[in-house]
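The values are calculated or read from the model by the stated rules, or taken from the named source; none is laboratory data. What you see is a predicted model; the values in this text were computed from it and never measured. We place every Cβ from the backbone using ideal geometry, glycine too, and count neighbours over all the protein chains shown.
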Amino acid sequence: MRINVTVNGRQYSSDVEPRMLLVHYLRDVLGLTGTHIGCETGVCGACTVLLNGEAVKSCMLFAVQVDGQEITTIEGISQDGQLHPVQQGFWEKHGLQCGYCTPGMILASIQLLKRNPNPTEEEIRHALVGNLCRCTGYQQIVEAVQWAAQKMRGEI
């Protein structure tokens, strides 16, 4: 099947197998390897991308399901060579260790801050419940999102 998608602001037209998962399309066809493959059951969140601005697990969607839609991966969130404030927050607050969960955590956090520019710690933790990290214990991730929220509000 032929699909037409916009990924990170760029148009793509590709022939794909009907059963190809979006995560494999992004990684194997487009070469965007920042989207990680984890559990392949929608539990870990390593494959999170933004689909029309909403965080989704790309291991739970077929590529043909996103025909005509807009996808943003971790590779597409920096602007003009500048880190997105959430990326910068993860750097500043040491919100990553091995980095495997980081792209999904960042994209889920971007969605949260778009909806709620001043989330509480509880709201951050709730928004990230679908993203698993086995290294950090989450506290530094929460602090990174809080820092990013302050930065996006112009407080830092």
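Across segment 90-123, the number of residues qualifying as at pLDDT below 95 and of a type in the set (D, E, K, R) comes to 0.
Working only within segment 24-51, note down all residues that are touching a strand residue (DSSP E or B) at 6+ places or on another chain (Cβ under 8 Å) and among the β-branched types (Val, Ile, Thr). 29, 35, 48, 49 - these are the residues of segment 24-51 that are touching a strand residue (DSSP E or B) at 6+ places or on another chain (Cβ under 8 Å) and among the β-branched types (Val, Ile, Thr).
Please tell me if residue 125 is without any contact (Cβ under 8 Å) to a residue 40 or more places away in the chain and either aromatic (Phe, Trp, Tyr) or touching a helix residue (DSSP H, G or I) at 6+ places or on another chain (Cβ under 7 Å) (or both). Judged against the criteria, residue 125 is a match.
Once segment 124-150 is narrowed to residues that are charged (D, E, K, R) and modelled with pLDDT of 95 or more, the residue that is surrounded by the most Cβ atoms within 10 Å (Cβ to Cβ) is 143. Summed over segment 88-112, the residues that are surrounded by fewer than 24 Cβ atoms within 10 Å (Cβ to Cβ) and either more than 13 Å from the chain's Cα centre (by Cα) or free of Cβ contacts under 8 Å to residues at least 40 places away in the same chain (or both) give a count of 10. Against the condition among the polar types (S, T, N, Q), in contact with a helix residue (DSSP H, G or I) (Cβ under 6 Å, 6 or more places away or on another chain) and assigned by TED's automatic domain parsing to the domain that holds residue 30, how does residue 58 come out, does it pass? For residue 58, the condition - among the polar types (S, T, N, Q), in contact with a helix residue (DSSP H, G or I) (Cβ under 6 Å, 6 or more places away or on another chain) and assigned by TED's automatic domain parsing to the domain that holds residue 30 - is met.
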